[in-house]
């Protein structure tokens, strides 16, 4: 059953705005390469997939970012429902 | 100086998916009526404005939702910079 | 290398305060049984462990809660550093 | 009616672990001086008060931190209930 997961990367030891956005772009790059459906937002990217797929994705982001940044917070919000959750049902009326 | 603020409403005592989304729509309605620039995402809405405008907006959402829902969590993430922060700089390359 | 992970469970279709706290207690029960070091806070529980241990824990919470609750949000904040992160360094001076 | 509010400060352009924790200590200092009941946790501090008191506190943290840090994210989670919410009901059994 597919659910959604919103991911926010917060580098804590960045030297510039460009470096902050550069690290965020790296994380979004991992998401884009996952093949899962996603939507980039101003402060987080929401991804749609099975729970196991999303856990694997978070692990890949961790492995990608850790060598690039001394200290960061990776926030993940899983929106779970027995009947499934998808991106469109949550924003269709606002697009 | 304008910053951004991402707002997520999580009703904890809703009876159905429709009621959850109905309450979220009420909060987005308050944001839409504020006249501030905003973008609705799958799990949060990001608004652009002065800090004082954003605090006022959060208070209005609180006053709107409290009578409608016995228990809820309202999450707010302010993205603050001396030089200002705006929605476009964060997602332009992804739209 | 050990890091910390703060976990917040938000049931969206609970009928009472007791049911909300009951579901949170179930999640804390999974954490307590993991053998990892943890600290319960008013709105989240922080756990210390290797990233792989923490991912496994999150999966166990997901498997425990999904049958018990139609719709919920599970929020996880990983605090990651190459040199490691632990609970004590973050709160020792405040205890 | 008193509610709780969990506050997390994430400096994005800090040069060291000490500077990150130094900025967090500044924010906790503002909370401590507010006279409101609070509990420091590993990744956030939870405060108890009227909604208006909590908004005022967030504004004071904003005014304190902005001159000290070029870019930061201030996350706030209000836990709201008509019947009120307090710190003890949420953690008494775990202390």
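Tell me, what does the Kirkwood hydrodynamic radius of the protein assembly as shown come to in angstroms if you use every pair of distinct C-alpha atoms? Don't skip to the answer; put the middle values down first.
On the way: mean 1/r = 0.0484 Å⁻¹.
For the protein assembly as shown, the Kirkwood estimate is 20.6 Å.
For peptide D:55-63, compute the average count of partner chain beta-carbon atoms within 10 Å of each residue's beta-carbon. Before the final figure, lay out each step's value.
Values: counts 5, 1, 0, 6, 3, 0, 1, 7, 1.
Taking the mean over all residues of the peptide, I get 3.
Which whole-angstrom value gives the distance between the alpha carbon centres of the range A:75-95 and the range B:26-62?
Taking the Cα centre of the range B:26-62 as reference, the centre of the range A:75-95 is 20 Å away.
Would you mind checking the range C:30-50 for residues with the amide N under 18 Å from a putative spin-label position 7 Å along Cα→C-beta of residue C:56?
Under 18 Å, as judged by backbone N against the label point of residue C:56, lie C:30-38, C:47-50 of the range C:30-50.
Taking a label point 7 Å from Cα toward Cβ, how far is residue A:84 from its twins in the other copies, in nm, shortest first?
Spacings between copies for this position, smallest first, are 4.4, 4.4, 4.6 nm.
Between residue B:33 and the same site in the other copies, what are the distances in nm, shortest first, taking label points 7 Å from Cα along the C-beta direction?
Spacings between copies for this position, smallest first, are 3.7, 4.8, 4.8 nm.
Going by a ≥ b ≥ c, the root eigenvalues of the Cα gyration tensor, does chain C fall in the rounded group (a/c under 1.5), the prolate group (a/b larger than b/c) or the oblate group? Show your work: numbers first, answer last.
Numbers: a/c = 2.40, a/b = 1.70, b/c = 1.41.
Prolate shape, in that a/c is at least 1.5 and a/b is the bigger ratio.
Give me a single rounded figure for C:76-89: the average over its residues of other chain Cβ atoms within 10 Å of their Cβ.
Values: counts 7, 12, 9, 10, 10, 10, 5, 3, 0, 5, 1, 3, 1, 3.
The per-residue average across the peptide is 6.
Go ahead and estimate [θ] at 222 nm for chain B from helices alone: -39,500 (n - 2.57) per DSSP H run with n ≥ 4, summed, over the residue count, rounded to 500.
On the way: 3 runs with 37 residues, N = 95.
Value at 222 nm, helices only: -12000 deg cm²/dmol.
Using the Cα gyration tensor of the range B:49-95, with a ≥ b ≥ c the square roots of its eigenvalues, what is the shape: rounded (a/c below 1.5), prolate (a/b larger than b/c) or oblate (neither)?
Numbers: a/c = 3.19, a/b = 1.96, b/c = 1.63.
Prolate shape, in that a/c is at least 1.5 and a/b is the bigger ratio.
Is there a simple number for the mean count of other chain Cβ atoms within 10 Å of the Cβ of residues in B:31-39, and what is it? Let's see the in-between values first.
Numbers: counts 0, 1, 0, 0, 0, 0, 0, 2, 5.
Per residue, the average neighbour count from other chains is 1.
Measuring nothing but label to label, 7 Å from Cα along Cα→Cβ, what are residue D:21's distances to the other copies in nm, shortest first?
3.3, 3.3, 4.7
List the residue from chain C whose beta-carbon is nearest to the axis that rotates chain C onto chain D, together with that distance in whole Å.
Closest Cβ to the C-to-D rotation axis, residue and whole-Å distance: C:41, 2.
Given axes a ≥ b ≥ c from the Cα gyration tensor, I'd like to know whether the range B:24-63 is rounded (a/c under 1.5), prolate (a/b larger than b/c) or oblate.
oblate
Quick one: of the DSSP bridges fully inside the range C:1-91, what percent are antiparallel, nearest 5? Let's see the in-between values first.
Values: 17 of 17 bridges.
Counting DSSP beta bridges with both partners in the range C:1-91, the antiparallel share is about 100 percent.
Values in this text are rule-based calculations from the coordinates and carry no lab data. Since we're looking at a predicted model, the values are computed, not measured. Glycine also receives a Cβ, built like all others from the backbone with ideal geometry; neighbour counts cover every protein chain displayed.
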